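What follows is a short report on a single structure.
The values are calculated or read from the model by the stated rules, or taken from the named source; none is laboratory data. This one's a predicted model, so the numbers in the text were calculated from it and none came from an experiment. Cβ coordinates were reconstructed from backbone atoms using ideal geometry, including for glycine residues, and neighbour counts include every protein chain displayed. Side chains included, ligands, DNA and RNA excluded: accessible areas come from the protein's heavy atoms. Shrake-Rupley method; radii C 1.70, N 1.55, O 1.52, S 1.80 Å.
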Amino acid sequence: MMERFESRIGKIKAPEKKVYNFLCDFNNFKNFIPEKQVSNWISDHDTCSFTIGSIGDVGLEIIEKEPHQLIKITGNGMARIDFFLWIQLKQKNQEDTRIKITLKAELNPMVKMVASKPLKQFLEILVNHIENFSFDM
């Protein structure tokens, strides 16, 4: 069954275009990944792979981009579950971009019971890291 998890709406103090361009490159995602939980990070512009302690190897791929508004990501064959991750951006004014991250994953009832809370926490941590990142590079 396809399950949906959504982050809260975060607020980034940067223009939408700058945030979008940064997030469209997986080489920049290492800034948002907790080093204590992730190892073996390898990335290029559209793909990345890494190892998460008890989960194992994970691979991600950007499969769709809608300039300045949407980045759609999926597993690239290394993931044990089918999923899609959407990063949505909406600019309120020049230095106020809103972000929402949605995860849709194919989870059986048993996995859903165990994984729901960690998946929601992951989305919140990711939004927090992106909100607090300085895009003035």
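Numerical summary
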{"read-out": "Tally of residues being over 17 Å from Asn76 (Cα atoms), open to solvent by less than 70 Å² (accessible area, probe 1.4 Å) and of a type outside the set (Gly, Ala, Ser) across the stretch 1-60", "value": "14"}
{"read-out": "Which numbered condition Glu95 misses (of (1) acidic (Asp, Glu); (2) in contact (Cβ under 8 Å) with a residue 60 or more places away in the chain; (3) touching a Gly at 6+ places or on another chain (Cβ under 9 Å))", "value": "(3)"}
{"read-out": "Residue count for the stretch 93-110, restricted to those that are within 14 Å of Arg4 (Cα to Cα) and either surrounded by 15 or more Cβ atoms within 10 Å (Cβ to Cβ) or among the aromatic types (Phe, Trp, Tyr) (or both)", "value": "7"}
